[in-house]
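*Asks:* A single structure is presented below for examination.
The values are calculated or read from the model by the stated rules, or taken from the named source; none is laboratory data. Because the structure is predicted, anything quoted here is derived from the model rather than measured. Counting neighbours? That spans all protein chains shown, and the Cβs are built from the backbone with ideal geometry, glycine included. Surface accessibility is based on the protein's heavy atoms, side chains included, excluding ligands, DNA and RNA. Shrake-Rupley method; radii C 1.70, N 1.55, O 1.52, S 1.80 Å.
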Amino acid sequence: MLDIQATLEAHYPIFFERHRRSAIILIRFLRFLCYETRFQKFSSLYPHLEGFEFVEQVLRHFEFDVRLTESERARIPSTDSVVIVANHPTGFAETMILPEIIFKKRQDLKILGNEMLQRISPAAPQLIPIDVYSKNNIKVIRSCHQLLKQNGVLLIFPAGEISSYHRKSE
């Protein structure tokens, strides 16, 4: 499911050819940062899960506690096309929690996300993959437009920096 090295080598082959030693250090760091070993264990326990069943089990397995009031849940429209643009200040948590909340009300949800997320194959059915480095994403735009024409829900997490705590120097 999650193979940091294979993903990076596939997307940045020139970097790996030219900077092999740095690439190995980067891979070790990202494996630690992304809990690769824990995700591989999860994948071996639940190889049959896909889509939002996968997301729900990830949240249970990693012990996320999601609380939402009925008035908050009511803000999600039950019908018609909807575009939801959401920040994700801590990265992973929001990208799992928000789709799970929305899907409980709307099963016609698709997530516009970086094409690298397709490497997490159980999540791929809900993904409209975008190459963030391409200047020509017309197919992606058409897919989004088609979803909205069919009164679906499009969830977008804008690309950018992930927030982190920075202590001010005194």
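*Asks:* With a cut-off of at most 12 other beta carbons within 10 Å, and DSSP calling the residue loop, which trypsin sites (Lys or Arg not before Pro) in region 39-118 qualify? Please list them.
*Replies:* Here the trypsin sites (Lys or Arg not before Pro) that fit, given the DSSP loop and packing criteria, are ARG67, ARG75.
*Asks:* Could you compute how much accessible surface ASP3 exposes when probed at 1.4 Å, giving the result in Å² to the nearest 10?
*Replies:* 70 Å²
*Asks:* Tell me the carbon and sulfur percent of the accessible area for the chain, rounded to whole percent, probe radius 1.4 Å.
*Replies:* Here carbon and sulfur together make up 54 percent of the probe-accessible area.
*Asks:* Taking Cα atoms, how many degrees apart are the long axis of helix 138-149 and the longest axis of the chain, rounded to 10 and kept between 0 and 90?
*Replies:* 20 degrees
*Asks:* Note down the nm distance, to one decimal, between modelled labels 7 Å out along Cα→Cβ at ARG28 and at GLU100.
*Replies:* Modelled inter-label distance: 3.3 nm.
*Asks:* Tell me the chymotrypsin sites (Phe, Trp or Tyr not before Pro) within region 55-137 that lie in a loop according to DSSP and have at most 14 other beta-carbon atoms within 10 Å.
*Replies:* PHE62, PHE64, TYR133
*Asks:* Please compute the per residue accessible area over the chain with all protein chains in place, 1.4 Å probe, rounded to a whole number of Å².
*Replies:* The answer is 70 Å² per residue.
*Asks:* As I understand it, the dipole of the chain uses +1 on the Cβ of Lys and Arg and -1 on the Cβ of Asp and Glu, about the Cα centre. Which of LEU26, ASN87, LEU154 lies farthest toward its positive end?
*Replies:* In the chain, that residue is LEU26.
*Asks:* When the solvent-accessible surface of protein heavy atoms is calculated with a 1.4 angstrom probe, in what order do VAL83, VAL153 fall, highest first?
*Replies:* My answer, sorted largest first, is VAL83, VAL153.
*Asks:* Follow-up question, since we're still on this one. Based on DSSP H runs of at least 4 residues, each adding -39500 (n - 2.57), what is the mean residue ellipticity at 222 nm of the chain after dividing by all its residues, to the nearest 500 deg cm²/dmol?
*Replies:* After summing the helix terms and dividing by residue count, I get -13500 deg cm²/dmol.
*Asks:* Label points 7 Å out from Cα along the Cβ direction at GLU56 and GLN146: separation in nm?
*Replies:* Label-label distance for GLU56 and GLN146, simple model: 2.7 nm.
*Asks:* Magnitude of the Cβ-charge dipole of region 39-78, K/R +1 and D/E -1, about the Cα centre, nearest 20 debye?
*Replies:* The dipole magnitude comes to about 60 debye.
*Asks:* While we're here: Using only Cα atoms, tell me the angle between helix 20-33 and the longest principal axis of the chain; keep it within 0 to 90° and round to the nearest 10.
*Replies:* That works out to roughly 40 degrees.
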